[in-house]
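A.B. asks: Have a look at this one.
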Amino acid sequence: MKRRKISITNVLVFVASVLWLLPLLIIFLNSFKPYNDMMQHFLALPKSWNLDMYFETWSKFNFPTLIMNTLLYTVVSVIGIMILAPMAAYKLARTKSKLSTLCFVVIIMPMMVPFQSYMITLTRLVSKVGLIGTKTGYILVTIGLLMPLAVYMIHGFVKNVPIELEECAKIDGAGKLRIYFLIVFPLLKPILTTVIVLDALATWNDIITNQLIVGSNAAAMNLQNALYMQFSAQTSDWEHALPGIVMSMIPSLIFFIVMQKNIVGGVTAGAIKG
Amino acid sequence: MKRKKLKDFLIFAMFVFPAVAFVLFATDIPFFMNLYYSFFNWNGVSRDMAFVGFDNFIKIFSNDGLFWKSVQFTLKYAVFYVVIVNAIAFVIALVLSKEKKSSSVVRAFYYVPYIISLTAIGLIWKFILGPGFGALYDMTGWEFFDWSWLGTGKLAFIVVVVMTVWQNVGFYMVNYIAGIVTIPKELLEAAQIDGATRFQTVWKITVPLIMPSISICMLTALTFAFKLFDVIMVFTKGGPANATMSVAYNIYQEAFVNGKYGLATAKSLVFVAFVLVVTVIQLRVTKGKEVEA
Amino acid sequence: MKRKVVAVLMCVTMVGMMLAGCGSSSGSTGEDAKSDSGNESKEEVVLKVFDAHAYGLEQYEEMVQQFEEEHSGVKIEVQHAPNDYDTLLQARVNSGDIPDVFDVEAGTKAQSYYEYAYNWTDDKENTDSFHEDALAGGTDAEGKIMSLPWTYENMGIIYNKDLFAEAGITELPQTMDELEAACEKLDAAGITAFALAGKENWVLSQLVTHFMMDKSLDAKGVVDKIGSGELTFDNMPNFKNVFRFLDLAVKYGPAKPLEVDWEISENMLANNEAAMIHMGDWCQSTLDSFNPDANLGFLPCPVSDKKEDTTLLSSCNWTYIVNKDSENLELAKEYCEFILTSDMGQYWMCDGVGAVPAVKSDKEVQGKLANDAKNYVAEGKTNGWIHTIAPTGYGDAVGPMIQGYISGDLTAEEVTAQMQAFWES
């Protein structure tokens, strides 16, 4: 009886996953088609599989620079979050004081605010401190924008670290810093991995923040921003955009597949209870 | 004692203040700069702006039907989205939280839409709903495929829900898996030995123990729903006839298309105040139910 | 001991982060120094140009290269942003990063930037090279020339000549009745008459402007009279016919009119799947990429039972502004003149973009539709654009009203009333 119940849900989940994958395949197929062909026969196989548009997009858009930029932004932002967010989340979760609540609110509040409502004032602020159009400015803003959700997620997970562990270590004479780095931080691995994946992908795929902060500095543009510029209300350069999009997704996919092993495998319940 | 307090404070500051500083810089301060602009009429470009006091706020409450329509849409959307996406993600996570290779691959499938750039997603759905449904209708003759999905307000609403659920379910799934994985296997096995059905195991053990995950997912889903913009911008543009206008899109339109920046910032303040209230309530509810392992 | 190790580790990571940050910032300060202003130690001067063009980009490149060759030590940094142009321009102006040269849609949008614009009124030598009516679009409330026109853009009904021939239509419809007759002929021949882009607010709101005018009142005249109250949507002579037009477009159009976007609309026309759309000649290159052999032409939109009222709407929509506070004002002015009036500039506009330049020119224009429009312009069968001098938010306010009418949620009277209410607010 139990076996059968599991099977039906299992089957459904596995079969349904195709619906999630199918669109990716369709995009991939369409990246080989000329514009009119794509419009007229969207679901059909491409007439030819030549990679010309791929090569042209690569060189025309200067993919190497774009990839280097995007990689830089992603890596530095994620490192920044990984250093600062768990620290703050941990301390805020363990400290019960008015200051702690205040800091928490200040950090979490932006989660409810639509970006559109402050994007202009943000650009004014960034330009006032002289960081407009710079890579540093973009990275700092990105870290700031990713911080609320990261802190919130880790904060919720700190509860999974039994406080007894910390108390034992304290009795053993360990200082607060050591407790944090050597005991708490490793135990946050599943949520940290989730946050890394989330933030890396968000930064990799970012369009609008890059547009606003980087502005006219074409040398600091990221990949998705450059591709997005190929569209407008009245023109669509799908022939370059689709190959570009496919190429930009490959690193993300690989990254996710590699990282997700860390979320599920590797951390078993035993590590916490033991 | 004072020394210890000072030391504790310094450690607290070292841990927390950098994060606070970043958030202040990137969001809090810019958002409150808006408070200033909401008292003016400004077109977003000019060096001059006219002080109008509370006019903008008065206008919101007396003469802005479209804004309240968008609030209604956003709230309705939030309810559907939060419930549906979490339910589906949870079930998928339950099935796929094993370490099998097949689970690993299928997990990646579900995550794919989350990675695809939004412009491509708009294109895909345009074709699914247009020629795609057209072809399916020719094949099956089901009325379902012949309805005007993007042309009618109610159906467009469903499209927006389905699109965003499809796009984001992978994210919540990953969160739930991260939570499910921390449940001690012994607990689950003990329950099964005691004769609990699968449903009972899930309801009485799994769910309470992953309350942190549920809490996170609920909140992120809620905040996503409240901030819904990208899909509207790329796909429906608020149509047909403003049926899918979200609050964020309304604010954007007011600021950048209508050139009424002061009014737009006033609206965002009103909306955020409202959202804060709702979120605090939601937080209280789920935090109260959390169980520590 | 361990505490020291941890402390050192933390310092190392912090320093590493700062170095990464510094590395990129020194890299970008290098770039910033280049893109920030004209006066730095290096000899090179950088001019920042920002526009919304999506066509003729190769020719634009050639044009830029020639300018740089003629002015050694000058680098032109151009950014084309066809998408979200308004938002980005606003963001740049707000961040103090105003481009030296940028273009903007004439009318209310351009007006809002005029406080940053250089005044060309006294540069007679320059302004004389443009057509007079073209310059009119770039003047402010006091008649000063604050921006220079780019090209003429025309819009109206674009029709498929082959399909019309197939249906046996020999004379182009010029009244509402003739239009209906043409639709019936197309329908009888099994051809979809219309592929109106009902999903797009901007298409619908542009269509409506035809019916706000008649030959006695041009765009500006209409706007002024509505403002003074002389003209209301109720008493406009041709406004009621917009509903008749919409009824035809729906009856003789695709099954789901509100799902047709501009891409599908143009694609159907170019692939001989529909006979008429409402669009402008800016879409020439998209149409060409769909089907270079399509036989298309402009059809002035019938709005009444009088042949004289049919018009093509023509305007020098995009207009160029030079930042009056630019650090390289003379150079910026020179560049602006160069792209709008010189031989290379004309090459870019006529060949690359395929449009008729605002400057007086003899060059042959590549765009088929633009050439078609030239004839109507010569015959005086044109009116101006209303939607760019209408109150801000016109497109996004009127579009949904029309969609409401098409879906049956709003009646003609309600739409008329709402349009009046919008204009008065």
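A.B. asks: With a bin width of 10 angstrom, please list the P(r) values of chain C as percents of all Cα-Cα pairs, from the 0 bin to the one holding the largest distance.
C.D. replies: The distribution over chain C is 4, 20, 27, 22, 13, 7, 4, 2, 1, 0, given as percents.
A.B. asks: Mind putting a number on the dipole of the protein assembly as shown about its Cα centre? Charges go on the C-beta only, +1 for Lys and Arg and -1 for Asp and Glu, and I need it in Debye to the nearest 20.
C.D. replies: It works out to roughly 8100 debye.
A.B. asks: Binning at 10 Å from 0, report for region C:296-425 what percent of all alpha-carbon pair distances ends up in each bin.
C.D. replies: Answer for region C:296-425: a P(r) of 11, 25, 29, 22, 11, 2 percent.
A.B. asks: How much mean residue ellipticity at 222 nm does the protein assembly as shown get from its helices, if each DSSP H run of length 4 or more adds -39500 (n - 2.57) and you divide by all residues, to the nearest 500 deg cm²/dmol?
C.D. replies: It lands at -18500 deg cm²/dmol.
A.B. asks: P(r) of region B:66-288 in 10 Å steps, Cα pairs, percent per bin?
C.D. replies: 7, 27, 30, 22, 11, 2, 0
A.B. asks: Also: Full-extension gain between C:A188 and C:F422, please, as 0.36 nm times their residue separation minus the C-alpha to C-alpha distance.
C.D. replies: That pair, C:A188 and C:F422, stretches by 80.2 nm at full extension.
A.B. asks: Which whole-Hz couplings ³J(HN,Hα) result when phi for each residue of region A:243-258 is put into the Karplus expression 6.51 cos²θ - 1.76 cosθ + 1.60, θ = phi - 60°, listed in order with x for Gly and Pro?
C.D. replies: Using θ = phi - 60°, the values come out as x, x, 5, 4, 5, 6, 7, 4, x, 4, 4, 4, 4, 5, 4, 5 Hz.
A.B. asks: Explain nothing, just compute: Karplus ³J(HN,Hα) = 6.51 cos²θ - 1.76 cosθ + 1.60, θ = phi - 60°, for every residue of region B:267-277 in order, whole Hz, x for Gly and Pro.
C.D. replies: Ordered by residue, 3J(HN,Hα) equals 4, 5, 5, 4, 5, 5, 4, 4, 5, 4, 4 Hz.
A.B. asks: What is the dipole size for chain B, taken about its Cα centre, with +1 at each Lys and Arg Cβ and -1 at each Asp and Glu Cβ, in debye to the nearest 20?
C.D. replies: Charge dipole of chain B: 840 debye, to the nearest 20.
A.B. asks: Any chance you could give the angle, 0 to 90 degrees and rounded to 10, that helix C:201-210 forms with the longest Cα principal axis of chain C?
C.D. replies: Compared with the principal axis, the helix lies near 50 degrees.
A.B. asks: Once Lys and Arg get +1 and Asp and Glu get -1 on their Cβ, which of C:N126, B:Y77, A:I196 lies farthest toward the positive end of the dipole of the protein assembly as shown?
C.D. replies: Value computed over the given set: A:I196.
A.B. asks: Considering the dipole of chain C built from charges on the beta carbon (Lys and Arg +1, Asp and Glu -1) around the Cα centre, which of C:G354, C:S228, C:P254 is farthest to its positive end?
C.D. replies: Projecting each Cα onto the dipole axis, the largest value belongs to C:P254.
A.B. asks: Shifting gears a bit: For peptide A:84-96, compute the average count of partner chain beta-carbon atoms within 10 Å of each residue's beta-carbon.
C.D. replies: Mean number of neighbouring Cβ atoms from other chains: 4.
A.B. asks: Can you tell which of A:A16, C:V101, B:L129 lies farthest toward the positive end of the dipole of the protein assembly as shown, using +1 and -1 charges on the Cβ of basic and acidic side chains (Lys, Arg; Asp, Glu)?
C.D. replies: Ranked along the dipole, the leading option is A:A16.
A.B. asks: Per residue of A:180-186, how many C-beta atoms from partner chains lie within 10 Å of its own C-beta, taken as a mean?
C.D. replies: 2
A.B. asks: Okay, moving on. Residue by residue, what Karplus-based ³J(HN,Hα) values in Hz, rounded to whole numbers, does region B:143-160 have, using 6.51, -1.76 and 1.60 with θ = phi - 60° and x for Gly and Pro?
C.D. replies: Using θ = phi - 60°, the values come out as 3, 2, 7, 9, 4, 8, 4, 9, x, 10, x, 5, 5, 4, 4, 4, 4, 4 Hz.
A.B. asks: Sorted from fewest to most neighbouring beta carbons within 10 Å, what does the list C:L331, B:L35 look like?
C.D. replies: Placing the least packed residue first, the sequence is B:L35, C:L331.
A.B. asks: Now a separate question. What residues have an amide H closer than 5 Å to that of C:G198, excluding those fewer than 5 places away on the same chain, when H is modeled at 1.01 Å from N in the peptide plane?
C.D. replies: HN-HN under 5 Å from C:G198: C:V260.
A.B. asks: With respect to the cross-link table entries C:K240/C:K307; C:K161/C:K215; A:K135/A:K176; B:K237/C:K324; B:K69/B:K260; C:K220/C:K324, which display a Cα-Cα separation exceeding 24 Å?
C.D. replies: The pairs that break the limit, which is 24 Å between Cα atoms, are C:K161/C:K215; A:K135/A:K176; B:K237/C:K324; C:K220/C:K324.
A.B. asks: Need one value for A:8-21: mean number of C-beta atoms belonging to other chains within 10 Å of its residues' C-beta atoms.
C.D. replies: Partner-chain Cβ atoms within 10 Å, mean over residues of A:8-21: 6.
A.B. asks: For region C:313-380, how big is the tail of P(r) above 18 Å, as a whole percent of Cα pairs?
C.D. replies: Distances greater than 18 Å cover 44 percent of the Cα pairs.
A.B. asks: When the C-alpha atoms of the protein assembly as shown are aligned to their principal axes, what extent does each axis show, in angstrom, from largest down?
C.D. replies: Principal-axis extents of the Cα atoms in the protein assembly as shown, largest first: 95, 73, 59 Å.
A.B. asks: Give me the one-decimal nm value for the distance between modelled label points at A:Q40 and A:V15, 7 Å along each residue's Cα-to-Cβ direction.
C.D. replies: Each label point is offset 7 Å from its Cα along the Cβ direction, giving 3.6 nm.
A.B. asks: Check which residues have an amide H placed less than 5 Å from C:Q79's amide H, if you skip close sequence neighbours.
C.D. replies: C:V49, C:F50, C:D51
A.B. asks: Right, another one. Can you give the charge dipole size of region A:1-111 about its Cα centre, rounded to the nearest 20 debye, using +1 on the beta carbon of Lys and Arg and -1 on the beta carbon of Asp and Glu?
C.D. replies: 1000
A.B. asks: While we're looking at this one, here's another question. Report, in whole Å, the centroid distance computed from the Cα atoms of region C:114-134 and region C:209-223.
C.D. replies: 26
A.B. asks: What are the principal axis extents of the Cα atoms in chain A, in Å, biggest first?
C.D. replies: If we take the Cα atoms of chain A, the spans are 71, 66, 30 Å.
A.B. asks: Longest span of chain C, sites excluded, free of GluC sites (Glu not before Pro) in DSSP loop with at most 13 other C-beta atoms within 10 Å?
C.D. replies: The longest such stretch corresponds to C:231-363.
A.B. asks: What distance in nm separates the simple spin-label points at A:E164 and B:I58, each placed 7 Å from Cα in the Cβ direction?
C.D. replies: 6.5
A.B. asks: Further, regarding this structure: Between C:K144 and C:K363, what's the calculated FRET efficiency when r is the beta-carbon distance and R0 is 22 Å? Round to 0.05.
C.D. replies: With a Förster radius of 22 Å, E is 0.15.
A.B. asks: Additional query: Measure off 7 Å from each Cα along the Cα-to-Cβ vector at A:F28 and B:M14, then give the distance between these two points in nanometres to one decimal.
C.D. replies: 5.0
A.B. asks: Taking Cα atoms, how many degrees apart are the long axis of helix C:412-424 and the longest axis of chain C, rounded to 10 and kept between 0 and 90?
C.D. replies: For C:412-424 against chain C, the angle is about 40 degrees.
A.B. asks: Between 0 and 90 degrees, rounded to the nearest ten: what's the tilt of helix C:219-228 against the longest Cα principal axis of chain C?
C.D. replies: The helix C:219-228 is inclined about 90 degrees to chain C.
A.B. asks: Further question: Distance between the C-alpha centers of region B:145-193 and region C:324-365? Whole Å please.
C.D. replies: About 54 Å separates the Cα centre of region B:145-193 from the one of region C:324-365.
A.B. asks: Something else about it: Please state the relative contact order of chain B as a whole percent: Cα pairs under 8 Å, 6+ residues apart?
C.D. replies: 30
A.B. asks: Here's a follow-up. Given 10 °C and 1.306 mPa s, how large is the Stokes-Einstein diffusion coefficient of region A:112-186 in µm²/s, with Rh as the Kirkwood radius over Cα pairs?
C.D. replies: D, rounded to a whole number, is 102 µm²/s.
A.B. asks: Cα centroids of region B:29-84 and region C:59-102: how far apart, whole angstrom?
C.D. replies: Measuring centre to centre over Cα atoms gives 33 Å.
Each reported figure results from applying straightforward, stated rules to the coordinates on display, with no laboratory input. Owing to the predicted nature of the structure, the values given are computational and were not obtained by experimental measurement. Every residue, glycine as well, gets a Cβ built from its backbone with ideal geometry; the counts of neighbours run over all protein chains shown.
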